[in-house]
Amino acid sequence: MGPHRAARLVGPTVAAVLVLVLAAAPPASASGSWRAIAELGLTEPGRVACSSSTCLALANASIDEAGATGAWKTLYTVKGSGTSSTSFSDVACDGPLCVAVANSSGTLRGHSVTGPDAFVTTTGGRHWGTHALTKVRGATSTQVLDVACGGPRSCLAVGYYDGPTSSGGVAWSTDDAGATWSGQLLPSGVVGGPLACSGAQQCVMASGAIEVTTTGPGGFRAVTTPHPWGSRTPAFQSVACAGRSACVVAGYATPSGQPCRSRSCLAVLLASPDGRHWSAVALPRSLSGQLVQVSCASATRCVAVGDAPSSDPLGGTSLAVRGAIGSPWSALALPRPTTGEWIGASGVGCTTDGRCRTGDLYDHRGGQNFPYTMAGPA
């Protein structure tokens, strides 16, 4: 089995020359080292979100939890039937509030189950409630892609819709800790994509161009971003924000928007001190591959993970970098297995005190993949 990926919707690229030099303090020195944790059982943690002390990860139709050192344990499982299915796409936390979003389809207890849902906890994962994301006027069908929380009561989820005469981006917001959600179509040309919030009304979304809101989901507007990758087309897969407005976007760039399957795939990071002005982050020159998720304990302590292309049909070798928003980043050395090689991490999350966890990672030995995760300092 190989690493799994949440689907991402990528819009057209908006390129611009940005005359701005970002200045940031060097990364804080991290104590301790990263270590591998064997994952026994059926869980395969993927996309990760952390609160102040613990982390949650999405694994198939379940939500897992882990502390700083232990293995992931199943915290919540969606109970369906043989004719219904739920597929999680993203998870976000702010303090005790965590929201996982998913798309459901099929029939459950004799009723049609189709559309996006939010799974909400305000107790740090001890108790969960399920809330259907409301139907949106003008949309005949919707799917949710990403979610972000900018406070203990405020979250924003984005996705896309199909309608009778048009299709495009859609957003849902809550200001009562996920109890109720309101939805609306995004402006024409604005497509839902990877999302992060640094406040209740300050969110950043990456969708080919970078888009930002200060007034809620209806206020998204395009912000031009640098495009220093020549003929390569960027595909953004994750956004993280730290402090009031410092944010970083992770992804990859390939010729003509091709999937990341060859050495021409280039890992990409963009950073901003204010959510409006963006600059490309310098990465090690030898780095190739894709970054699938980035997380920040603070503006000076961020980690991004992904995988590098490989001839192995099961996946590429693991890729990890860390640094400060606005400064060059360096490769993060992960412990190597005694035999075989690590195959791409699918997610990473960092707590506010600087402890990080990856999603699934595989030690490839003898033609088989053995699941592991990593834990270490930002």
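Quick notes
- When region 344-362 is filtered for residues that are surrounded by fewer than 24 Cβ atoms within 10 Å (Cβ to Cβ) and either modelled with pLDDT under 85 or not small (G, A, S) (or both), the ones remaining, listed by number, are T351, T352, D353, R355.
- Of all residues in region 184-199 being closer than 13 Å to V147 by Cα and of a type in the set (G, A, S), the one that is surrounded by the fewest Cβ atoms within 10 Å (Cβ to Cβ): S198
- Qualifying positions in region 145-183 - among the polar types (S, T, N, Q) and closer than 28 Å to L56 by Cα: S154, S173, T174, T180, S182
- Of all residues assigned to region 240-263, at least one qualifies as being over 22 Å from C350 (Cβ atoms), under 20 Å from the mean Cα position of the chain (by Cα) and not in a loop (DSSP other than H, G, I, E, B).
- Verdict on G275 being under 21 Å from G199 (Cα atoms) and part of a loop (DSSP other than H, G, I, E, B): yes
- Of the residues making up region 195-229, those that are at pLDDT 75 or above and either closer than 23 Å to T140 by Cα or polar (S, T, N, Q) (or both) are S198, Q201, Q202, S207, T225.
- When residues of region 62-81 are limited to those that are assigned to a loop (DSSP other than H, G, I, E, B) and touching a residue at least 60 places away in the same chain (Cβ under 8 Å), the one surrounded by the most Cβ atoms within 10 Å (Cβ to Cβ): W72
Residues checked against (1) at pLDDT 90 or above; (2) over 20 Å from the mean Cα position of the chain (by Cα):
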position	(1), (2)
F119	yes, no
T122	yes, yes
G151	no, no
S154	yes, no
A157	yes, no
S167	yes, yes
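- If the condition is being under 18 Å from G192 (Cβ atoms) and not in a loop (DSSP other than H, G, I, E, B), then region 119-147 contributes A132, S141, T142, Q143, V144, L145, D146, V147.
- Just one residue in the set D162, D146, D175 is out of contact with any Phe, Trp or Tyr (no Cβ under 9 Å at 6 or more places or on another chain), surrounded by fewer than 16 Cβ atoms within 10 Å (Cβ to Cβ) and not basic (K, R); that residue is D162.
The values are calculated or read from the model by the stated rules, or taken from the named source; none is laboratory data. Quick caveat: nothing in here was measured; it's all calculated off a predicted structure. Methodologically, a virtual Cβ is constructed for each residue, glycine included, from the backbone with ideal geometry; neighbour enumeration extends over all protein chains shown.
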